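Student: Have a look at the structure that comes next, please.
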Amino acid sequence: MDSTTTPPPLTSTSSTSAEPLVRVRDVHRLFPNVYAVKGINFDIHRGQVVGFIGANGAGKTTTMRMMATLDVPTRGQISIANEDVVQRPAQVRRLVGWMPDNYGTYANMTVFEYLDFFARAYGLKGKDRAQRVQEVMDFADLTPLADRMMNALSKGMGQRLCFGRMLLPDPEFLILDEPAAGLDPKARMEFKNLVRLLSQRGKTLFISSHILSELGEMCDTMLFIDGGKIVYHGDANELRKGSAANGTRMAIDIVVADRPEAISEWASMNPGWTVVETRRDGARLAFEADDPQSIAAALRKMIGDGLSVIDFHREERRLEDAFVDMIKDKSKA
Ligand code: ATP
């Protein structure tokens, strides 16, 4: 085959330019009677693994389909590597891999035949095609399933096949719509592992879910969408720590050597502290603080006031809690 048409192998994507890979500007999408997306703006940089979170109907699939050139914004622009998705869809498609939330199965087709069929559709020929199909099967752990009929695959295996199909042309930017939905814990672990490996290879990933905990561990950046609007875009760890717009609201577990009720008495006399729950050997307290120094000072005071603290632990806020807070704050505004 002509080497100029051969996509590069599944190797790392070298560029780490500071310029965003994806730019989304003032994007709206009006369906008859409903705005699915209402003026969203965000950038995605090369190498990021972005979790795109929102409830059912929030506008995730609509946004992703527009990024993947499968739908067109009613207003606004999306560009990928400076290529406009509406003006230059063919160029954008070379850069983008799209994994839909469900895929059709073909009766009487094996895993190998399916991948080989799509490799042909991507224009791969001869030895190059055989090599690419094998690379993808190895990467997505499909080699042991090469001769398995497609309609005899489990949900997790089918998802890996869909993943493999997306990787055939070695795209730089991967858009995955609800990839972890319906997977059992083992398949979810395997999926997380694939995401990690692709991220290590420099790929940029954009992964949607309506379940935060599915994405919490694998994403470095979180983008929350609610009612067609972006309500948070930022670092996943920062969000967990609670330093987003909500201020710092953390839970601290205190264990004491005697009289656990003394903790509640102490909390009632000290501003900023509230009792979340009492336990046999202590309590969980919530504390409003702007900086770690004030937590340290408060703990020193607690001990100075005579509480027999033998253990304490600061709980990071769960991403779920952060998301719920965010939606609450938004609806109050
Ligand atoms: P889910 O997790 O349920 O897939 P989502 O966040 O992906 O939800 P979208 O599928 O983008 O949400 O839908 C956003 C809104 O747009 C919903 O109100 C939906 O009913 C509406 N919508 C989506 N596609 C169409 C369409 N083709 N025609 C009319 N309305 C649509």
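The values are calculated or read from the model by the stated rules, or taken from the named source; none is laboratory data. Since this is a predicted model, take the numbers as computed values, not measurements. Ligands, DNA and RNA are excluded from the accessible area calculation, which covers all protein heavy atoms including side chains. Shrake-Rupley method; radii C 1.70, N 1.55, O 1.52, S 1.80 Å.
Student: Which whole-number percent is the relative contact order of the range 176-217 (Cα, under 8 Å, 6+ apart)?
Tutor: Computed value for the range 176-217: 60 percent relative contact order.
Student: Using a 1.4 angstrom probe on the protein heavy atoms only, line up Glu172, Glu214, Glu19 by accessible area, largest first.
Tutor: Glu19, Glu172, Glu214
Student: Okay, next question. Could you state the accessible area per residue of the chain in Å², with a 1.4 Å probe and every protein chain left in place?
Tutor: 49 Å²
Student: From the alpha carbon gyration tensor of the range 243-316, can you work out the equivalent ellipsoid semi-axes (sqrt of 5 times each eigenvalue) and give them in Å, largest to smallest?
Tutor: The equivalent ellipsoid of the range 243-316 has semi-axes of 20, 13, 11 Å.
Student: Diagonalise the Cα gyration tensor of the chain and give the resulting equivalent ellipsoid semi-axes, square root of 5 times each eigenvalue, largest first, whole Å.
Tutor: Output for the chain: semi-axes of 46, 24, 17 Å.
Student: Moving on. Would you calculate a helix-derived [θ] at 222 nm for the chain, using -39,500 (n - 2.57) for each DSSP H run of n ≥ 4 and dividing by the full residue count, to the nearest 500?
Tutor: About -10500 deg cm²/dmol.
Student: Based on Cα coordinates alone, diagonalise the gyration tensor for the range 120-160, multiply each eigenvalue by 5, take square roots, and list the semi-axes in whole Å, largest first.
Tutor: 21, 11, 9
Student: Moving on. What pairs from Lys38/Lys60; Lys38/Lys203; Lys127/Lys192; Lys186/Lys229; Lys60/Lys186 go past 23 Å between their alpha carbons?
Tutor: Going by Cα-Cα distance, Lys38/Lys203; Lys127/Lys192; Lys186/Lys229; Lys60/Lys186 fall outside the 23 Å limit.
Student: Using the Kirkwood radius over Cα pairs, work out the Stokes-Einstein diffusion coefficient for the range 25-79 at 25 °C and 0.890 mPa s, in µm²/s as a whole number.
Tutor: Answer from the Stokes-Einstein relation: 208 µm²/s.
Student: Report relative contact order for the chain in percent, whole number only (criteria: Cα-Cα under 8 Å, sequence separation at least 6).
Tutor: Over the chain, the number comes to 19 percent.
Student: Tell me the relative contact order for the range 90-225 as a rounded percent, counting alpha carbon contacts under 8 Å between residues six or more apart.
Tutor: Relative contact order here is 30 percent.
Student: Can I ask one more? Considering only DSSP beta bridges where both residues belong to the chain, give the percentage that are antiparallel (nearest 5).
Tutor: So the antiparallel bridges amount to about 70 percent of the total.
Student: What are the extents of the Cα atoms of the range 128-270 along their three principal axes, in Å, largest first?
Tutor: Extents along the principal axes, in whole Å: 72, 35, 29.
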